[in-house]
Amino acid sequence: MDKVIYTILMLCLIVPATLPMVHGNGPSATVNWFKKLAHKSQKTTHLHFYLHDIVSGPSPTNIPIAVANSTAQSPTYFGLIAAIDDPLTLGPSPDSEIVGRAQGLFGSTSLEEIAFHMSFDIVFTKGRYNGSTLTVVGRNPFLREYRELSIVGGSGVFRLARGTAVLNTVKYNSTWGDAVVEYNVMVLHY
Ligand SMILES: *[C@@H]1O[C@H](CO)[C@@H](O)[C@H](O)[C@H]1NC(C)=O
Ligand SMILES: *[C@@H]1O[C@H](CO)[C@@H](O)[C@H](O)[C@H]1NC(C)=O
Ligand SMILES: *[C@@H]1O[C@H](CO)[C@@H](O)[C@H](O)[C@H]1NC(C)=O
């Protein structure tokens, strides 16, 4: 009996305090989210957007940070390290609505073909995913039709996420390096 009353009391105390914080981002909201994890079911979400990687012009979103002495002689840019802050849009046009950014680093790590080791965050800036992120790590053999990168985690709506991003280039200016890349992201999250 005492135990039942105690449980009811605890529920009364906990529920009103935690409900508004379910999607909060402070430490107590995160602790509560993890405490409730056992009662949550996993969802699958399909995200579709386009990444604009701009190398040319006065406002590049992809800039080199470092190269080795030998990089200039390498047909695969081996040794190049670069930073990106690429806009992500709903459609393939650069004028399409921006829904987020891809922010991170990549390095050219193959001697045999142009392939980048990528490590970046997809930072959502619109709608229900605004403020949430997905972390992408993987190998990107850039000239192949389809590339598969791993979603290794996330924050906000995407806490504990994992999944797969399939990339395919829809536009590539081989003289300047500018590219538009279609992303289909399948993600498991709670
Ligand atoms: C790279 O090039 C610079 C300038 O030519 C030279 O001083 C340096 O020794 C080279 N470094 C290596 C590791 O070859
Ligand atoms: C996204 O979230 C930020 C920070 O909370 C807020 O300033 C901004 O207005 C939001 N944007 C949209 C489109 O909801
Ligand atoms: C490549 O980009 C440059 C600079 O923006 C532009 O002048 C050129 O017309 C583009 N070439 C193609 C084939 O789109």
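Nothing in this text is a laboratory measurement; each read-out follows from the coordinates by a stated rule. Here the structure is a predicted model, which means the values were calculated and not measured. Counting neighbours? That spans all protein chains shown, and the Cβs are built from the backbone with ideal geometry, glycine included.
When region 168-190 is limited to residues that are closer than 21 Å to P64 by Cβ and among the hydrophobic types (A, V, I, L, M, F, W, C), the one that is nearest to ligand 1 (Cβ to nearest atom) turns out to be W176. Number of residues in region 129-188 that are closer than 25 Å to E112 by Cβ and in a loop (DSSP other than H, G, I, E, B): the value is 11.
Quick check: is even one residue across region 124-142 within 16 Å of ligand 2 (Cβ to nearest atom) and charged (D, E, K, R)? Among the residues of region 124-142, at least one is within 16 Å of ligand 2 (Cβ to nearest atom) and charged (D, E, K, R), which makes the answer yes. S108 falls short on exactly one of the conditions (1) surrounded by fewer than 17 Cβ atoms within 10 Å (Cβ to Cβ); (2) of a type in the set (S, T, Y); (3) over 19 Å from the mean Cα position of the chain (by Cα); (4) more than 16 Å from ligand 1 (Cβ to nearest atom), and that condition is (1).
Would you say Y190 is in contact with a strand residue (DSSP E or B) (Cβ under 9 Å, 6 or more places away or on another chain) and farther than 27 Å from S59 by Cα? Here the answer is yes, as Y190 does meet what is asked. For region 109-136, the set of residues classified as within 18 Å of V152 (Cβ to Cβ) and among the aliphatic types (A, V, I, L, M) consists of M118, I122, V123, L134, V136, listed by residue number. Taking each residue of region 164-182 that is at negative phi and of a type outside the set (A, V, I, L, M, F, W, C) and looking for partners that are buried (at least 19 other Cβ atoms within 10 Å of the Cβ) and outside any strand (DSSP E or B) with beta-carbon atoms closer than 7 Å, six or more apart or interchain, yields D178/I54.
Residues in region 33-57 that are polar (S, T, N, Q) and assigned to a strand (DSSP E or B) were compared, and the one that is surrounded by the most Cβ atoms within 10 Å (Cβ to Cβ) is T45.
Matching residues to (1) over 21 Å from T45 (Cβ atoms); (2) not charged (D, E, K, R):
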| position | (1), (2) |
| --- | --- |
| I114 | yes, yes |
| K126 | no, no |
| L160 | no, yes |
| V170 | yes, yes |
| V187 | no, yes |
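Mind listing just one residue for me: the one in region 58-91 that is in a loop (DSSP other than H, G, I, E, B) and within 30 Å of S132 (Cβ to Cβ) and, of those, farthest from the chain's Cα centre (by Cα)? Only one residue tops the list, namely S59.
Within region 29-78, count every residue that is touching an Asp or Glu at 6+ places or on another chain (Cβ under 7 Å) and within 16 Å of ligand 1 (Cβ to nearest atom).
Total meeting the criteria: 0.
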